[in-house]
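The values are calculated or read from the model by the stated rules, or taken from the named source; none is laboratory data. What you see is a predicted model, and the numbers here were worked out from it, not measured in a lab. Positions of Cβ are generated from backbone atoms using ideal geometry, with glycine treated the same way; all protein chains shown enter the neighbour counts. Note: areas computed on protein heavy atoms with side chains; ligands, DNA, RNA excluded. Shrake-Rupley method; radii C 1.70, N 1.55, O 1.52, S 1.80 Å.
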Amino acid sequence: MHRHPGFAEAARPRRLPHGRTHRLGALLAALVVLLNACGSTGPTTSATASSAPSVPASVAPSSSVGPTPVVDPATVYASIEDQVIAIRGLQPKAKVEPKILDDAGIKKLITDSFSKDNPPELVAANERIFKAFGLLPPDASLTDLYINLLGSQVAGLYNPDQKTLYVVSRSGQLGGAEKTTFAHEFTHALQDQNFDLGTLHLDEIGQGDRSFARLALVEGDATLSMSYWQIQHLSQEELGQILAAAGSDPSTKVLLDMPPILRETLLFPYIQGLSFVQGLQAGGGWQGVDDAFAKPPASTEQIVHPEKYASGEQPVAVTLPKDLAASLGTGWKVALEDSFGEFELSVWLRGNTAIGAGAANEAAAGWGGDRIAVVDGPNGAWGVVLRTAWDTVADGTAFDSAASSLVAGLAAPASLLPGAGGKERWIVIGSDDATLGRLAGVLGLAG
């Protein structure tokens, strides 16, 4: 499901939203602490003077270990705002007051948002894709999984539509985790006030992969800013508390137990986005990151392979027949049409354990573009169509090798079929053999 709940536009069906609502999870905050401790987060020596200070190889915070004096939370948040402004170099244009939620409060907010913003037919179409490709168990409820995942992981969020910032305090305390969350979410507020996050069109109909890539820019920026803030302003004790809490928190098990497609799409904007933004910041300072908001990435391919962003390589335009539903006959409709993208395709290919994750990623790396659709027909008939374009004929062949056994092992009848010119591949899945044949025939792939 390519988008996290937060908003859904009813004009036409498309993938679930990755998120106009930007959120941070406690485990992610802990992962950044570990990255900092290993010296893997921070600017290289090529960063410009406008970048944040260099990050040491080991965490060396400025504050001393020991009990934290009791202070007014508003004073703490105001201090963090000043610190983040100094690090990120963006000036606020309006005041943002944090709203503090407990565990029950954040779960209610997420559940209500999901129900409001994601129509049942949209959820059903996303669930159809995942189950058709074997990415979800046949008896799984995408709604239940998603709400459980986000309800357990979210430590804070910023909603640019409402200009509202939430911080979750499950303990009722203002500790290192809550401070870290505020630093991350306040960066989102600064982004919104300086670049207008709405102009990124994170939920534009039919542009799921592009939206996911742009979300990686947004979250990667906030995660990098947050990591600098952690290093400079948290004590060793607070950093240790974050790591210890992540290791013992039941939410960690919830995340690890999730189907890979949900777990990895949740982590991608933060982990891969951090790497992407780190490269921008290392090469051009924070101005290099600012410039990316004016020229945002066009695909997850550009996030996974930053050199393709630098060179301006755009996805290949791929289309599906506009008369697909009409060609199938009376009672058929397109329930959803969107892009899948290199990243989600790589998650699927990694399900082929016979070739290993590295080979799966290499097979996905030749991705040039795609288009995916769900069609619903009479008497419960359904189909899923994925049309892919590959950079070279050899890339198409590599995809065949990685995907063929996965397609053969799907629960529903499915075919991996060649398209025009040797650089195109189709995956067609039907509710039964007759539907599969009908789809292949309509698409000119039969025989």
Exercise. If you go through the range 393-444 one residue at a time, how many are among the β-branched types (Val, Ile, Thr) and in contact with a Lys or Arg (Cβ under 6 Å, 6 or more places away or on another chain)?
Worked result: 1
Problem set entry | Single match in Val385, Val374, Val407 (criterion: surrounded by fewer than 21 Cβ atoms within 10 Å (Cβ to Cβ) and either of a type in the set (A, V, I, L, M, F, W, C) or in a helix (DSSP H, G or I) (or both)) | Val407
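Being within 25 Å of Leu135 (Cα to Cα) and surrounded by fewer than 17 Cβ atoms within 10 Å (Cβ to Cβ) is true for just one of Thr300, Thr353, Thr330. Which residue is that?
Values: Thr300 fails: surrounded by fewer than 17 Cβ atoms within 10 Å (Cβ to Cβ); Thr330 fails: within 25 Å of Leu135 (Cα to Cα).
Going through Thr300, Thr353, Thr330 in turn, the sole match is Thr353.
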Exercise. Name the helices (runs of 4 or more DSSP H) wholly within the range 120-209 that hold at least 2 residues that are in contact with a Gly (Cβ under 7 Å, 6 or more places away or on another chain) and crowded, with 19+ Cβ neighbours inside 10 Å?
Worked result: 176-195
Exercise. Wholly within the range 247-341, which helices (runs of 4 or more DSSP H) include no fewer than the required count, namely at least 2 residues that are of a type in the set (A, V, I, L, M)?
Worked result: 250-257, 260-294, 300-304, 324-328
Exercise. Are there any pairs, at least 6 apart or on different chains, whose C-beta atoms fall under 7 Å, with the first in the range 189-217 and closer than 24 Å to Gly156 by Cβ and at pLDDT 95 or above and the second outside any helix (DSSP H, G or I) and of a type in the set (Gly, Ala, Ser), and if so, which?
Worked result: Gln193/Ala94; Ala213/Ala298; Ala213/Ser299; Leu215/Gly19
Exercise. Which condition does Gly422 not pass, out of (1) touching a helix residue (DSSP H, G or I) at 6+ places or on another chain (Cβ under 8 Å); (2) surrounded by 16 or more Cβ atoms within 10 Å (Cβ to Cβ), if it passes all the others?
Worked result: (2)
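Which of the following residues is within 23 Å of Asp221 (Cβ to Cβ) and open to solvent by less than 20 Å² (accessible area, probe 1.4 Å): Gly368, Gly341?
The unique qualifying residue is Gly341.
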Problem set entry | In the range 82-109, the residues that are open to solvent by less than 50 Å² (accessible area, probe 1.4 Å), in contact with a helix residue (DSSP H, G or I) (Cβ under 6 Å, 6 or more places away or on another chain) and at pLDDT 95 or above | Gln83, Val84, Ile87, Arg88, Leu90
Exercise. What are the residues in the range 236-262 that are open to solvent by less than 50 Å² (accessible area, probe 1.4 Å) and at pLDDT 95 or above, if any?
Worked result: Met258, Pro259, Ile261, Leu262
Exercise. Which condition does Gln232 not pass, out of (1) assigned to a helix (DSSP H, G or I); (2) crowded, with 24+ Cβ neighbours inside 10 Å, if it passes all the others?
Worked result: (2)
Seminar exercise, completed: The lone condition Ala310 fails out of (1) closer than 19 Å to Arg170 by Cβ; (2) without any contact (Cβ under 8 Å) to a residue 40 or more places away in the chain; (3) open to solvent by 50 Å² or more (accessible area, probe 1.4 Å) is (1)
Problem set entry | Residue count for the range 210-229, restricted to those that are out of contact with any strand residue (DSSP E or B) (no Cβ under 9 Å at 6 or more places or on another chain) and open to solvent by less than 10 Å² (accessible area, probe 1.4 Å) | 12
For this session: Answer yes or no: is there a residue in the range 187-199 that is over 15 Å from the mean Cα position of the chain (by Cα) and of a type in the set (D, E, K, R).
Result: yes
Problem set entry | Search result, residues across the range 314-340 that are over 17 Å from Gly444 (Cβ atoms) and within 30 Å of the chain's Cα centre (by Cα) | Gln314, Pro315, Val316, Ala317, Lys333, Val334, Ala335, Leu336, Glu337, Asp338, Ser339, Phe340
